[in-house]
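Structure record follows, encoded as structure tokens.
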Amino acid sequence: MKVFITGASSGIGEAFARHYAAQGATLGLAARRSELLQQLASSLDTPVATYTLDVRDAAALAKAAEDFIQRHGVPDIVIANAGVSRGTMTEQKEDDAAFKAIFEINVLGLLHTFRPFIAGMKARGEGTLVGIASIAGIRGLPGAGAYSASKAAAISYLESLRVEMQKNGIHVTTIAPGYIKTPMTDVNTYSMPFLMDADVAAAKMAKAIAAKRRFVVVPWQMGWLARFMRFIPPFMWDWAMKNAPKKAHLDWDWL
């Protein structure tokens, strides 16, 4: 098995890498942080190709895909995992850069990751593309307009891609995690129901990928909550979210 993963240097991406490495998969690992990426690669007992890049850079991803395919062949699974989150407020002009970065990474990053591999998968007549969305994409959360909107866009984009690819034998899986213990959630100061360790989550997600699930929420408890959230009338959602805690409004080095 050959698996290409973005956002692989930490969190869910790292957990995916360790999970598939344990299965003997040949890995392509991409991330911005070279040192962490190399540390991960050196700890894995499986063939690994590493690529230091930002998923906003379509050319860099195309070059990485070309290199991986030349060295190892077309991957069986491509996981577009790279994503960022930060509290944002529409009224604050200084958040414009954060809005732009979040959309470019969380939405266009999917496009940039998948495109270079589609031709090879089409020629082979099979393959799996996996996009990491979020339950935050189901309803808008206060103080997280950019993140919620980007993940809603990701969910819709992945659904469109799924129906486009089905005639080519290419499967698309959308994964919407709830609260997974990663550096992204470590900054949260509010309660996170059903918080799950990243390695446990990755194993469950990999099982869903192998089963060719179309849309899956991890953990399953959040799946039921997500179903409920979809049907809450807007006036009730507004009331429930009026005093909800907000995502930390922090600066990140990806801006």
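How about region 55-125: which GluC sites (Glu not before Pro) there lie in a loop by DSSP and see at most 16 other Cβ atoms within 10 Å?
Glu91
With 10 angstrom as the radius, rank His171, His112 by how many other C-beta atoms surround their C-beta, starting from the fewest.
Ascending Cβ contact count within 10 Å gives the list His171, His112.
Calculate, in nm to one decimal, what Ala119 and Lys93 gain on full extension: separation in residues at 0.36 nm each, minus their alpha carbon distance.
The Ala119-Lys93 span can extend by a further 5.3 nm.
What's the exposure ranking of Phe4, Phe99, Phe114, going from fewest to most Cβ atoms within 10 Å?
So the residues, fewest neighbours to most, are Phe99, Phe114, Phe4.
Separation between the Ala59 and Arg213 pseudo-spin-labels, each 7 Å from Cα along Cα→Cβ, expressed in nm?
3.9 nm
Got a sec? Which residues in region 30-51 would a label at Ala22 touch, if it sits 7 Å along Cα→Cβ and we count backbone N under 19 Å?
Only 40-48 pass the distance filter.
Coordinate-derived values only; no laboratory data. Note that the coordinates shown come from a computational prediction; the quantities given were computed from them, not determined experimentally. Reconstructed Cβ throughout: ideal geometry from the backbone, glycine too, with neighbour counts over all protein chains shown.
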